[in-house]
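Okay, structure first, notes after.
The values are calculated or read from the model by the stated rules, or taken from the named source; none is laboratory data. Please read all numbers here as calculations on a predicted model, not as lab measurements. Counting neighbours? That spans all protein chains shown, and the Cβs are built from the backbone with ideal geometry, glycine included.
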């Protein structure tokens, strides 16, 4: 009976309960090992990159960093809102955000407004910073900024516009930093 032997070889015996338990234990061990590997990976990442941007900003809050003011002094476009299809902040806005968190932010901004080498756009960020900080010196520096000659390039939405500093100062007074 060759067919009977063929048929009996195709039929598998039901697994023993011990085999089922061992298989489940193997899956459980594999799952636990995956969680352990992920946990160690996260710890390694935290060890290699311990500080978040917020922790770094908090650590540097009181420390003067003239390089930030120098970077902001060179910006050529003002804009507080995110721009472009990817909605990215302008480079000046990123620097502004770092400065305004510092303990002596008003000093940075007044230095920029008094500086001869800072662009009008950098001075616009500085004026906005004084307004947001509610500095007692804001009105004096607003008048100083309004007296500057030239045009301020700024982004409003995705459109670049240019206006004289005196109109820009009035806009900040009326509408706040934009």
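Within the range 126-140, work out how many residues are free of Cβ contacts under 8 Å to residues at least 12 places away in the same chain and touching a helix residue (DSSP H, G or I) at 6+ places or on another chain (Cβ under 6 Å).
The number of residues fulfilling the criteria is 1.
Residue by residue through the range 141-160, note down the ones that are surrounded by 13 or more Cβ atoms within 10 Å (Cβ to Cβ) and without any contact (Cβ under 8 Å) to a residue 40 or more places away in the chain.
If the condition is that a residue be surrounded by 13 or more Cβ atoms within 10 Å (Cβ to Cβ) and without any contact (Cβ under 8 Å) to a residue 40 or more places away in the chain, then 141, 142, 144, 145, 146, 148, 151 are the ones that fit.
In the range 71-90, how many residues are surrounded by fewer than 17 Cβ atoms within 10 Å (Cβ to Cβ), at negative phi and modelled with pLDDT under 90? Walk me through it before giving the result.
Quick first cut of the range 71-90, residues surrounded by fewer than 17 Cβ atoms within 10 Å (Cβ to Cβ) only: 74, 76, 81-82, 84-89.
Filter again for at negative phi, leaving 74, 76, 81-82, 85-86, 88-89.
This time we only want the ones that are modelled with pLDDT under 90, so: 81-82, 85-86, 88-89.
Number satisfying all stated conditions: 6.
Tell me whether the range 131-151 contains one or more residues that are over 18 Å from residue 71 (Cα atoms) and at pLDDT below 90.
No, there is no match, as no residue in the range 131-151 is over 18 Å from residue 71 (Cα atoms) and at pLDDT below 90.
Can residue 150 be described as in contact with a helix residue (DSSP H, G or I) (Cβ under 6 Å, 6 or more places away or on another chain), assigned by TED's automatic domain parsing to the domain that holds residue 104 and on the phi > 0 side of the Ramachandran plot?
So residue 150 fits the description; yes.
Kindly state which helices (runs of 4 or more DSSP H) lie completely within the range 117-178 and contain at least 2 residues that are closer than 24 Å to residue 84 by Cα.
120-132, 165-175
Can residue 112 be described as touching a helix residue (DSSP H, G or I) at 6+ places or on another chain (Cβ under 6 Å), modelled with pLDDT of 95 or more and crowded, with 20+ Cβ neighbours inside 10 Å? Steps first, please.
Details: touching a helix residue (DSSP H, G or I) at 6+ places or on another chain (Cβ under 6 Å): yes; modelled with pLDDT of 95 or more: no; crowded, with 20+ Cβ neighbours inside 10 Å: yes.
No, not satisfied.
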